[in-house]
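Heads up, the thing below is written out as structure tokens.
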Amino acid sequence: MPGGGFCKLPSGSVVVALSLPSPVGDGTSVRFLVHAANRARALTRLRNLGLRAVYLRGNAEPPTPDEITAVLHHPDGLLWRGDPGAAPELWHPIRALLSSARTA
């Protein structure tokens, strides 16, 4: 089920978390984390990667403290991992997902 939320940081920037269907098209969902100056820029970063129909409605699934830490410590500020309800998985840089989507 698609959902997401955001958390405003003391610095004024935000971390946006979105759960979306996988761009690979295998029926699973993917959790995206984006660190940006504001919510609009975070969504624009995802749209520029080809995820065109990305919207944040409400704050039902905000990022957890662990998710915030993960995205803040990544140089790109954009991470993903498979369905959070499935087996635990490490966070991956966005280029890993995009390269698998292109080869599928």
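Observations, loosely collected:
- Mean separation of Cα contacts under 8 Å, 6 or more apart, over the residue count of the stretch 3-99: relative contact order %: 30 percent
- Placed amide H near S22: partners under 5 Å, 5+ positions off or other chain: G27, T28, S29, V30
- Model label zone, W91; criterion: amide N under 14 Å from point 7 Å along Cα-to-beta-carbon; scope the stretch 13-36: 14-18, 31-36
- Extension gain, D76 back to T64 (0.36 nm per residue minus Cα-Cα distance, nm): 2.4 nm
Where a number appears in this text, it was derived from the coordinates with a stated rule and is not lab data. Computed from a prediction, not measured in an experiment: that's the story for all the values here. Note that we place each Cβ from the backbone using ideal geometry, even for glycine, and neighbour counts take in every protein chain shown.
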